[in-house]
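Report on the structure given below.
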Amino acid sequence: MKPRVSSLPLHFAALVIAALPLVFAGCTAMDRSGSGRDDARATFAHVRPVLESKCVHCHGEQRLPQMPAFNDTEALSRLIGANNWIVPGHPERSRFFQVVTFSDQQPGAMPPTGHAIAKAEVDALRVWIVAGAPLPEGAPVELRPKGEAPRSR
């Protein structure tokens with residue numbers, strides 16, 4: 001008579017191997033969900049300096065008529081929504097985000113002359129949009145141009 005070999009260890013090993021992709025997928029989803037390090041970067045306070053130093057010079061009070069205005073949070077809120085300039089949760093579908101990721105040579109790249117938005121600033125915008133592009137509640141917050149105006153002006 002053959003000794004009986006338990007199949008329990010084999011079943012357990014197969015279960016562990018089968019679960020690994022789910023575990024790794026969960027870790028990746030947690031990293032993208034705004035948890036941990038991204039929480040602080042998912043706020044308007046974190047993207048405000050980027051908007052004021054890179055965008056509001058041209059998209060503020062003295063903008064061309066065809067340019068979307070966002071010189072305060074009320075104007076910015078009108079650009080947020082499904083099928084709008086900023087699609088909450090979807091930077092890849094947000095024209096606002098797309099134009100700052102274009103190469104300098106690509107028509108429509110922002111800023112229009114010289115790509116002045118650093119990778120960390122682009123990432124801050126991405127994290128904010130993924131988090132739903134939250135804006136502060138209450139009275140509109142004015143955005144004022146900071147630093148040098150873009151070279152294209």
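Some notes on this structure:
- Test: residue in region 77-96 that is β-branched (Val, Ile, Thr) and open to solvent by 20 Å² or more (accessible area, probe 1.4 Å): yes
- Conditions (1) at pLDDT 90 or above; (2) open to solvent by 60 Å² or more (accessible area, probe 1.4 Å); number of the one not met by ARG32: (1)
- In region 44-66, the residues that are within 26 Å of VAL127 (Cβ to Cβ) form Cβ pairs under 6 Å with partners that are open to solvent by 20 Å² or more (accessible area, probe 1.4 Å) and part of a helix (DSSP H, G or I), at six or more places apart or across chains, as follows: VAL50/GLU121.
- Filter result for ALA131 (farther than 16 Å from CYS55 by Cβ, under 18 Å from the mean Cα position of the chain (by Cα) and open to solvent by less than 70 Å² (accessible area, probe 1.4 Å)): yes
- Among residues of region 53-87, those that are farther than 18 Å from LYS146 by Cα and either of a type in the set (Lys, Arg) or touching a strand residue (DSSP E or B) at 6+ places or on another chain (Cβ under 6 Å) (or both), counted: 4
- Residue in region 104-113 that is within 16 Å of SER53 (Cβ to Cβ) and not in a loop (DSSP other than H, G, I, E, B) present: no
- Annotation note: of ALA18, ALA14, ALA75, ALA25, the sole residue that is at pLDDT 60 or above, farther than 21 Å from ILE117 by Cα and assigned to a helix (DSSP H, G or I) is ALA75.
- Restricting the first member to region 124-141 and to residues that are under 12 Å from PHE44 (Cβ atoms), and the second to residues that are polar (S, T, N, Q) and part of a loop (DSSP other than H, G, I, E, B), the beta-carbon pairs closer than 6 Å and six or more apart or on different chains are ILE129/SER94.
The values are calculated or read from the model by the stated rules, or taken from the named source; none is laboratory data. Note that this is a predicted model, so its numbers are computed, not measured. For neighbour counting, all protein chains shown are included, and Cβ atoms are generated from backbone atoms with ideal geometry for every residue, glycine included. The area values use the complete protein model at the heavy-atom level, side chains included, leaving out ligands, DNA and RNA. Shrake-Rupley method; radii C 1.70, N 1.55, O 1.52, S 1.80 Å.
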